[in-house]
Amino acid sequence: MKCGLLGRKLGHSYSPQIHRFLGDYSYDLFEREPEDLDAFFADPPFDAMNVTIPYKETVMKYCSEISDSAKKIGSVNTIVRKNGKYYGDNTDYYGFEFILDSVCKDVKGKKVLIVGNGGAAKTAIAVISDRGGVPVVISHKENTPENMKKHHLDTDIIVNTTPVGMYPKNLESPIVLENYKNVQAVVDVVYNPSKTQILLDAERLGIPCVNGLYMLVAQAEKASAIFKGEASWEVRTSSIVSELELEMKNIVLVGMPGCGKSTIGRKIAEKLGRTFKDADDEVLAFSGKTPAEIITNEGETAFRKVETEVLKELCKQSATVVSTGGGCVTVNENFDVIRQNSVVVWVKRPLDMLATNGRPLSKSPEELKRMYGIRAPKYEKISDIIVENIGDLEKTVSDVLNSVERFVKEK
């Protein structure tokens, strides 16, 4: 069976990776311009397929039959060829139900602020209305600080259906979450990065939150069942999400200067077949100066500004191993920069084992102790995992890899 995904720009789609877990069929990406759709459907290269933006409404005209759920939402994201005709369905409803249930099962009577008014918003409106919630849709033009403060500070649940915060425009948020004191849950349909700014803010405020990867996988599971003509299926959403995150999330190493982050990082990248990036090397590539040269000639503050810009680029990527500079945790902005798409590992090493050559901020044992006293609580706060590095490189690398796998699968 030939399956796939129809859309206009599909370079960052996770769908092929997801569908390899779901069935024994090929799954291709069909990038087409609007003027190509007539020819595409006249001579179809698929037996069944998913549809993404901007064609979820456009494809409805090609369907001889449309499911009730697709009619209700007003869009089609799943198409199957039957006897030369096209049957259109929508599995986004099921996918949104899944992520909503993960953070808030009962929305009856609750005000749900839906940011955005596109196709994903229509799905959210349908699910929330069916469950007795009160959906309130805010378009881009209406999403002004004045309007939000005047009308919507009593919101119970926030759902972002816009692409704000999506790669490559990471760390942007459609709202200032701190203003909403009653919010009980946050849903973001964006799945790259794993933690958008609104989700990072929710996490910091202790608000239950979820990204769009769970919705993407859940709707794909149902779509796969439709492809295969199955009335039921084994729900493996959480386990598939874990497998995808193991493949796609960065591994970022933090810790004191000289603790072995770069050596460990290179070895991890080699074992996983990933790209390795050393933040200090990238500072040189970005500025034409080594960290030591910037610190010596311009001061640590100047260096930290360059380092943050470098980390913004490194940590927005996927499936990369990154070794950070030892003092990056002293800049508060870097916490969100580093955590947005990564599993963060604190590499701990006794102070008397740290390498200090060529490190202007590690001048003496006394200075190292002072630095450690300041940085250790920050390493602990930013990290998901702590791994000791006391000499055996292979053991340390193995400990990191095993700990990352456990963390992702258990969270």
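The values are calculated or read from the model by the stated rules, or taken from the named source; none is laboratory data. Values in this document were obtained by computation on a predicted structure and should not be read as measured data. Here the Cβ positions follow ideal geometry from the backbone for every residue, glycine too, while neighbour counts run over all protein chains shown. Protein only, heavy atoms only, side chains kept; ligands, DNA and RNA dropped before computing areas. Shrake-Rupley method; radii C 1.70, N 1.55, O 1.52, S 1.80 Å.
Data table
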item	result
Global form of segment 359-411, assessed from the alpha-carbon gyration tensor, a/c cut-off 1.5	oblate
Cleavage-rule hits, trypsin sites (Lys or Arg not before Pro), segment 284-384, DSSP coil, Cβ neighbours within 10 Å at most 15	K363
Diffusion coefficient, µm² s⁻¹, Stokes-Einstein with Kirkwood Rh over alpha-carbon pairs of segment 298-344 at 10 °C and 1.306 mPa s	145
Cα gyration tensor shape of segment 156-261, rounded if a/c is under 1.5, else prolate or oblate by comparing a/b with b/c	oblate
Enclosed volume per residue, in Å³, of the convex hull spanned by Cα atoms of segment 259-335	88
Whole-number Å³ per residue for the convex hull built on Cα positions in segment 110-164	64
Cα centroid separation, segment 367-409 to segment 23-67 (Å)	47
DSSP-assigned coil residues among GluC sites (Glu not before Pro) in segment 90-173, each with at most 14 further Cβ atoms within 10 Å	E142, E172
Cα-based equivalent ellipsoid of the chain: semi-axis lengths in Å, sorted from largest, via gyration tensor	43, 25, 19
Where N is the number of residues in segment 24-79, Cα Rg divided by 2.2 N^0.38 Å	1.13
Percent accessible area from carbon and sulfur atoms, the chain, protein chains only, probe 1.4 Å	49
Where trypsin sites (Lys or Arg not before Pro) fall in DSSP loop in segment 89-179, at most 13 other Cβ within 10 Å	K105, K108, K141, K169
Evaluated at q = 0.12, 0.13, 0.14, 0.19 Å⁻¹: base-10 log I(q)/I(0), Debye formula over Cα of segment 137-201	-0.28, -0.33, -0.38, -0.70
Among beta bridges that DSSP assigns inside segment 55-190, antiparallel share in %, nearest 5	25
Within a Gaussian network of the chain (alpha carbon springs, distance under 10 Å), most fluctuating of D336, D392, D384	D392
Space enclosed by the convex hull of the alpha-carbon atoms of segment 278-411, per residue, Å³	115
Cα gyration tensor category, rounded, prolate or oblate, for segment 13-163 with a/c compared to 1.5	prolate
